[in-house]
Each structure stands twice: as C-alpha cells, then as structure tokens.
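Quick notes on the structure that follows.
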Amino acid sequence: MTPTSAVQDRPTRGLAATIKSRFQQFLAFGSLIVIVVFFAFASPNFLTFSNITGVLFSTVVIGTLAVGTTFVIITAGIDLSIGTGMALCAVMSGVFLVNWHMPLLLGVLAAILFGGLIGLINGFNVAILKIPPFIATLAMMLVAQGLALVVSGSAPIYFTDVPGYLEISTGNLIPGVNFPNAVVVLAVVAVVAAVVLNKTVLGRYTYSIGSNEEATALSGINTKKWLIIIYTLAGLFIGLAGVMISARLGSAQPATGMGYELQAIAAVVIGGTSLFGGKGTIVGTVIGALIMSVLNNGLQIVSVPQEWQNVILGGVILAAVYADNIRRKEG
Amino acid sequence: MDRPLLLKIEGVSKSFPGVKALSDMHLELRPGEVLALVGENGAGKSTLMKVLSGIYSVDEGAFSLNGEPFEVTSPRQAQELGISIIHQEFNLMPDLTVAQNIFIGREPRRAGGFLSDRELNVKARTLIDRLQLPLDPKQIVGSLTVAKQQMVEIAKALSYEAKVLIMDEPTAALNDAEVATLHDLIRRFIKPDTGVIYISHRMGELKSISDRVTVIRDGQYVDTLDTAATSMKEVISLMVGRRLASDLGPEGVRDDREVLLAVEGLSTKPLLKDVSFELKVGEILGFAGLMGAGRTEVARAIVGADKISAGTITLRGVPIVINDPSDAARHRIGYLSEDRKRFGLLLNQDVNANIILSSLRELFSRFGFVRDKQARARSRELVGSLRIKTPSVAQIAKNLSGGNQQKVVVAKWLVKDCDILIFDEPTRGIDVGAKEEIYGLLNDLASHGKSIIMISSELPEVLRMSHRIAVMSEGRLTAVLTADEATQESVMHYATLRPEQSIADAIELGIAGPHESVQTTRKAREK
Ligand SMILES: Nc1ncnc2c1ncn2[C@@H]1O[C@H](COP(=O)(O)OP(=O)(O)OP(=O)(O)O)[C@@H](O)[C@H]1O
Ligand SMILES: [Mg+2]
C-alpha cells in the first residue's frame, strides 16, 4: 500500500505564495507608501511631525469604526448604522457625563456599552428576524440619527465641565511628546481585534459564517447566537468611536456621523476584506483606514478642491476592488 | 482500426502549486464508444477533463479530434468543437428556472433584445421531452433534489450539438432506477460519430454502460481494458494498487441493544407522514428509498434543520425538543449533509478549519482561544487515516478533488464526539478503496457504542453496512427490515410501494382507514 497523501505542516509555500495569498494587503500597503511618497514630494508640509500626528489622529475615528465593521463584513454582512450610531453614542456620553454627572470612567463605559446595545439590536434583527443586514442597519442608521437629535434637543453637548474627558483623545501619554492618546487607543483596539479575529473561537466562527452560513449551522454551531455577538462587538466599536470623536471635539455633535459609515466600509474594502464574506484581516483594514485619511489630508494640503477629493476617493475604492477581482480570477 | 480516433490526448501534464495533478497522461476515445475513466480520489480524472474542456490550460500536451490536432483555449471554444462536459460539482444558478439554466447565455431573444420566457420554456420542454427527463422547465432549480439538478446538467450538456460528451461522476447522486434512466439516455446519444467519457466510482455500473475502461493513478496513465473481457476486481486492483476484500456484510448485528433514540409520528408540511422508528445503541440503521422518498427530510427534521409539523423525539427515554442543529449538537447528534458544497464545506477555508469546525469549541479551545496546535495535529491525523489527498492541512478546500472534499466532511464528524451520527450519502464520490476505509471507521464507531443512521442511494452499500434497514417511500416509512430479511428485492419492494396511488399498497401498509379507502375506490371507479 502506498500512502497517497504526503502530509506536512507547512505547504510548499514560499515567499511568492505568501505574497499571493495576502496580495490585497501587500497591494494596499504598497499603495499607501506610494501615496505618502507622492504627497511628500508634492508638499513640504506633508511629512512634518505635526501633520503626521494629525493624519494618525484623524485615522482614529474611521479606523475604530472600520475595525469593528470588519467583523460584520467578514460574516458577509454590512453595517450602515456605524456613522450615525457613533453620533448617538457621543450624545449619550454627553447625557451620562454632563447631564447625569456620572464618574468619568463609568460614563465612558456606559457610552461604549450603549454602542453595544445598538449592535445587539442590529444582530437581533439580522439573526433572529432574518432582516437582510443592509436593510436592518439602514433602518438603524435612521433611528440613531433621529434619536441623537431627540435626546440632545438638536443642540451640541459640551464637555467643558467634565474634567479629563478631552484627555482621552487629545492628551499625551508620554509627557512632553505631542503624540495623542487617541492613536494609542486605535493601536490597542486594532491589536485586540486582530487577536480576537485570529485566535479565538469567535473569530473562527466569524470566518465560517461568512464562508457558508448554512454549513456552519449544520455543523452544530448556533450561528444566530454568534451573529448577535458579532454585531454587538461591532457595536462596542461604535460606542468607542463616539467617545473618541466627542473627546476630540470637546462636544457631542448630534447632527454629524452620516458619511462615516461609507468611509469606514471603504477602508475595510481597500484593506482586502471581501464583501462576499469569509475573507479579511484587521491589518488590511488599518492600512485601508490610513489610506483614506492620508488621501483626505494630502489632497487638502495640495489644495485639491473638496469636490474633486471625493471623486478621487471614489476612484481609489473602485481600483482597490478591481485589483481584488483580478487576483480572484487568477486564483 | 481504419477509422481515426474520435479523440486523442497525448503527453498531457498539469501542475498546481504543490501538486502534480497530471503527468504525461494519454487517452484515446474511439468513435461510437463509451469509455469509462476510473482512478482513486485525486488521481486526476476531473483535472484531465477540465483541461480537455478548456477550464484549465495544460502545461504541455497535444489533442486531436477525428485525427485533426486542436488546441483548447476556452470552455466556449471547446463547446464549439463539440466537447461538452457535465461537471462533478454542479454549475447551476439556484434561483433560476430549469429552462433558464439550460439555455443560460443563449436565451432566445425577441426584437429589441427582450427575452422571451415563453419561447425559452417551449424550447426547454422540447429538449426535456426528447431526452425523456422528469423535469418541469418552470421549476426553480434550487428547489430540486440533487438528482434532479443532475438531470438539468445533463439536459444542458446535451442541448449543445456535442460530439464528445464528458460526464464526471454523473451518477454519484442517483439511485439505481435513475442510473438506468441515465444509461438509456447515454445509449440514445451514442451514434457512430459520437463518444462518451464516463467517470464513476460505482464499479457495478461500468459493466453495463462502458465499452472500455481506462485506469489512471496518481496523475499517470495505467492501462486501458475491454470491459467485456475484464472483471471489475481487476480494474479495482489496477486502480488502488492492491486487492480488496469483497462480499462483506454488516458487523456486530445483535437484537438485544437498548433503544437510544425513538422517533414517533414525525411529519413535516411538505413531505413526511407519520414516520416512527427507533435507533439503538451501537447500531447502524440504514435508510433506503428512491429519490424523493424523504430520507434526507427525516434527517433534517431530526436535527432541526427543517420545521416539523408533528411528532416527538425521545432520547434515552426523555422527550427532547430540537429547534435547530445547534440543539441537536448539544444532544450529541450530528448530521452530515448529502450536499457537500452547499451544506457541508467552507469552500474558501482550509482543510483544517473544515475538519475542526464542529468540534472547535468543545475540543480545541481554552477560554475562548483556539488551540491551533492540537487542532492541526488532529486534522493531520484524520488526513492520514482517511488518506485525504492534499499537500497540507492548510490547503483551501476548494482545491481538493471532489472525493477528497467529501472525506473532509466525513472527517469533520469523526472528530466530534457524537453519540448519534446521521450520515447522508457519506461515500458520495468516494473511490472504492476509500469507501472500505470509511465503512471500517463506521463499524468502529458503532462497536464503540455510537449509533449511526446511514442514508444511501446505493443499495449494496446499505445492505453491506446496516444492522437494520428502514425503507421509505413517498414520505412514509414503509418497512424496517432486519439484516436477515433485507435483500435487494425486499428493499426494492418496500421502496416502490405507493400508498397514495395504489389501494393495495395502502392496505399492505395498513394506512388506509375504511373511510379513506372507500373514497379512493370511488375515485378509481369514476375514472
Ligand atoms: N485548482 C486546484 N488547485 C490545487 N490543486 C488542485 C486543483 N484542482 C485539483 N487539484 C489537485 O489535483 C489532484 C487531482 O484532482 P482531480 O480533481 O483531478 O481528482 P479526481 O481524479 O477527479 O478525484 P475524485 O475522484 O475525488 O473526483 C488532486 O490532488 C487535487 O487536490
Ligand atoms: Mg473528480
């Protein structure tokens, strides 16, 4: 009897194969570098310490939202409620801290958990009521937008009397170095998310559900429960983003938020996560978020008019997805 | 021979990353013949046919058709040359109708570019009638059983003016009656200027349909034999490189086993009527029946994949409620689906992820973290013991051959420690040698006290494995036979009872109440 299978741990996987299997990330990373180099030559103001921290700073909100949404998109879902949900969480943070005078830590935690609640409801609608994610979260997007205005009475809530709140975002962990805490928060969040996605049961089920939800359910996995957990997790990121943005602005702006969801989803897609599910990484998403904010910032610095900035961003998204399609065909 | 060969393939090689799928392969198809192509799982049969039909390009090799050399560049061009293929994995659009699927990309158009559904359905009807297939052009393909989907594929392939028809395991999902229908169809297709290449793991049918058999192993040509002058034993030993024991029967048959699972009056809206049976500890209970008899539906109803309209399930004497497959898993009941692509595999994930999926949380995690080392070690063990042909457990499932994908699904359930395993067509597409290995594993599980329900359309397989056999027809359980009572004939008898159509059959099953039978009789008389 000849053994027909040679089983080794590592397949015949050289550097070339690794690059191929992570093509989208390499491509995204390469593009990021090209873009950075381009702006560095285009404007002397781009590669300054203050501008770099500025870019990183503005990556934080989109990045946090994008990291949470990555989970949802890997399940072949989508979350459109993250933008206005974030505004609602910012308002709630104002309610908890300014109106109710909760202690700082508790108030922040409550605001983050409130985001989790938004996600929980999304998850329930998707998993139990079987409402398609696009519709369920579109509805939530409107609900959150409305509630943010109702709760705040359509007026911004200022955190001027909440000691320490602004520090969450704008403070410097390392004294004397102007490196905002927000960036540290995003880094920590990204690492935690990457660990969850790669090393935990939750992460594996996220990929499984996105690859084949029915087969996963028939394997005895309670896909409904896990979907709810995944949407709730994404909701916690919404809450965190709400805290970060309001801490940075010093106020909760109830009328903002709309548009962030598309920027975040774009970041996820540029980072190589497939909207068809089953595929994606946190590293990719972070790179995608960086590309988005570098473009935003760089185009401003070289004085491209706002309208044209959007045209260019749209083009970048198309290019990113097209590159992924080509790779898929050759696959 | 004076006549040129219909098709000649020479020196074909094809590699994938880490796998040499074909090396210096050759094959000759004579006009007017059915050539069987056999080989173990992963031998390269499907790859050869994909190369021939323009799906993969070859690394090297030459083709000729009727003595004329040709090159295949695309599936479309292959079709224009007269080479038509029915793939092992279906290529149907589940949301489209039968007619739309058959003529996809070639829909009849009216002025202005509008599609004409009426004309499409008429065209499909004509084709289906000509082929004598039991299909309705307007039915949605996703709602059809696997066997009927197979027929749609056949109709699609034959709708082209094919000279060479390639069938990659066309009968894997069919039962004996359907196989006979398919063979009739092939015989009608065969003319002096056409030929069929027929891939199958069901050795029995090769005798009745093929003229010659070509055997390949590990991507290499082994031999071609005249079917009439060869015994299947010979073919098998050429295939697997050793002889297999045959004519084995079930092991460990006893009638003093305790009842583990009792199903009482199980019914579902679409099909099942009053299905009751018992499954005992350490028993292999076979389920036999024709296509659409309701065997898969019983399995799906038990594990909560489909809603039941009536009935109770009792486990170890305690009534249980199962609302979805995760409830079933909690009661340690596992279900392997007949449709590996739709319900079994994560095609885009690797072999390891697939094998450990159902047991991940229970066996391979601690505090929610995956213990990858243990998981991979276990996967590797199963890859070894089931002889799954793959370069590593990190290979993406999609890249495995059909039979090896099936083994991966089987492996998934062998890893999970279930008390009750429901295997729906577990050996679909698996080669003869590996089948015996799977039978061995099932017998092992049973001897360790696991209870197994084995649904199979291959009667010899059911007879070979089952301690008892439950036979179904038209959504009803028509008999439960012991291993002694069960023969090809007795099973077929109960599988073909039609209580809905025949009063005699209904009376034999004792389900025609006086009221009911009077009504049916009257109806019969009125006709
Ligand atoms: N796209 C692919 N990428 C990588 N390897 C592949 C790919 N397609 C096939 N293979 C490998 O090539 C070998 C031959 O596969 P093939 O599908 O031709 O086998 P087969 O003879 O049809 O087997 P089965 O009886 O299981 O259908 C297998 O080892 C398989 O894993
Ligand atoms: Mg094959």
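The values are calculated or read from the model by the stated rules, or taken from the named source; none is laboratory data. Every value quoted in this text rests on a predicted model; they were computed, and no experiment measured them. When we count neighbours, we look across all protein chains shown, and the Cβ atoms used for this are built from the backbone with ideal geometry, even at glycine. Ligands, DNA and RNA are stripped out before the accessible areas are found, and what is left, the full protein with its side chains, is counted by its heavy atoms. Shrake-Rupley method; radii C 1.70, N 1.55, O 1.52, S 1.80 Å.
Couple of notes before you dig in:
- Between B:Ser116 and B:Gln220, full extension at 0.36 nm per residue minus the direct alpha carbon distance yields a gain of 32.6 nm.
- Projected label distance in nm at B:Thr73 and A:Ile326, using a 7 Å step from Cα toward the beta-carbon: 2.1 nm
- Over the range A:59-286, relative contact order from alpha-carbon pairs under 8 Å, at least 6 apart, %: 44 percent
- Take each residue of peptide B:362-369, count the partner chain Cβ atoms within 10 Å of its Cβ, and average: the result is 3.
- Neighbourhood charge, 12 Å Cβ-Cβ cut-off, centred on B:Arg130 and excluding it, Lys, Arg +1 and Asp, Glu -1: +2
- Using a simple spin-label model with pseudo-atoms 7 Å out from Cα toward Cβ, B:Ser447 and B:Ser276 lie 3.5 nm apart.
- All Cα-Cα distances of the protein assembly as shown, cut into 20 Å bins from zero to the largest, leave 13, 39, 33, 13, 1, 0 percent in each bin in turn.
- Given R0 = 30 Å, the distance between the Cβ atoms of A:Ile301 and A:Val188 translates into a calculated FRET efficiency of 0.60.
- Note: relative contact order over the range B:342-417, using C-alpha pairs below 8 Å and six or more positions apart, is 46 percent.
- Within the range B:39-74, backbone nitrogen closer than 18 Å to the virtual label 7 Å beyond the Cα of B:Lys398 toward Cβ: B:47, B:50-51, B:55-57
- Relative packing of peptides B:225-235, B:260-270, B:291-301 - highest average C-beta neighbours within 10 Å first: B:291-301, B:260-270, B:225-235
- Within straight-line reach of B:Lys191, meaning a Cα separation under 17 Å, sit the following lysines at least 8 residues removed in sequence or on another chain: B:Lys163.
- Peptide packing: for A:167-173, B:412-418, the average count of neighbouring Cβ atoms within 10 Å per residue gives the ranking B:412-418, A:167-173, highest mean first.
- Carbon plus sulfur fraction of accessible area for chain B, probe 1.4 Å, in percent: 50 percent
- Nearest-0.05 FRET efficiency for A:Ala319 and A:Ile135, computed from C-beta distance (R0 30 Å): 0.55
- Gyration tensor (Cα) of chain B, equivalent ellipsoid semi-axes in angstrom: 38, 31, 23
- For peptide A:204-217, the mean count of partner chain Cβ atoms within 10 Å of a residue's Cβ comes to 6.
- Accessible-area loss of 40 Å² or more (1.4 Å probe, protein heavy atoms, chain alone versus all protein chains) is found in the range B:318-343 for B:Pro325, B:Ser326, B:Phe343.
- Ranking A:Val268, A:Leu113, A:Val61 by how far each Cα lies toward the positive end of the dipole of the range A:59-286 (charges on Cβ) leaves A:Val268 at the top.
- When you restrict to C-alpha pairs under 8 Å that are six or more residues apart and normalise by the size of chain B, the relative contact order lands at 15 percent.
- Entry note, chain B: the mean residue ellipticity at 222 nm calculated from DSSP H runs of n ≥ 4, each adding -39500 (n - 2.57), is -10000 deg cm²/dmol after division by the residues and rounding to the nearest 500.
- Within straight-line cross-link reach of A:Lys279, lysines at Cα separation under 19 Å, skipping those fewer than 8 residues along the same chain: A:Lys20, A:Lys199, A:Lys329, B:Lys341, B:Lys398
- Mean accessible surface per residue for the protein assembly as shown, computed with a 1.4 Å probe while every protein chain stays in place, in Å²: 43 Å²
- Peptide ranges B:73-81, B:161-169, A:237-245, B:273-281 listed from the most packed, as the mean C-beta count within 10 angstrom indicates: A:237-245, B:161-169, B:273-281, B:73-81
- For chain A, adding -39500 (n - 2.57) for each run of n ≥ 4 DSSP H residues and dividing by the number of residues yields -23500 deg cm²/dmol at 222 nm.
- Karplus-derived 3J(HN,Hα) values for the range A:283-295, using 6.51 cos²θ - 1.76 cosθ + 1.60 with θ = phi - 60°, are 3, x, 4, 5, 4, x, 5, 5, 4, 4, 7, 4, 4 Hz; glycine and proline are entered as x.
- Axial C-alpha extent at least 15 Å, average Kyte-Doolittle at least 0.0 - helices from chain B (DSSP): B:146-158, B:402-415, B:432-447
- Under Karplus coefficients 6.51, -1.76 and 1.60, residue-wise ³J(HN,Hα) of the range A:85-92 in Hz, glycine/proline x: x, 4, 4, 5, 5, 4, 4, 4
- Unit charges at the beta carbon, dipole of chain B: most positive-side option, B:Val51, B:Ile209, B:Asn175: B:Val51
- Taking chain A as a Gaussian network of alpha-carbon nodes connected by springs under 10 Å, the highest mean-square fluctuation of the residues A:Leu290, A:Leu142, A:Leu113 belongs to A:Leu142.
- The portion of the accessible surface of chain A made up by carbon and sulfur, rounded to a whole percent, is 71 (1.4 Å probe; DNA, RNA and ligands excluded).
- The charge dipole of the protein assembly as shown, taken about its Cα centre with unit charges on the Cβ atoms of Lys, Arg (+1), Asp and Glu (-1) only, comes to about 1200 debye.
- Take the accessible area of A alone and of B alone, subtract that of the pair with a 1.4 Å probe, and the total buried over both chains is about 3000 Å².
- Of the cross-linked pairs A:Lys224/B:Lys123; B:Lys50/B:Lys123; A:Lys224/B:Lys412; B:Lys20/B:Lys450; B:Lys156/B:Lys273, those separated by over 32 Å at the C-alpha level are A:Lys224/B:Lys123; B:Lys20/B:Lys450; B:Lys156/B:Lys273.
- Computed from the C-beta positions of A:Val34 and B:Arg109 and an R0 of 41 Å, the FRET efficiency is 0.35 to the nearest 0.05.
- 3J(HN,Hα) couplings calculated from phi for the range A:189-202 with the Karplus curve 6.51 cos²θ - 1.76 cosθ + 1.60 (θ = phi - 60°) are, in sequence order, 4, 5, 5, 4, 4, 5, 5, 4, 5, 9, 10, 10, 4, 4 Hz; Gly and Pro show x.
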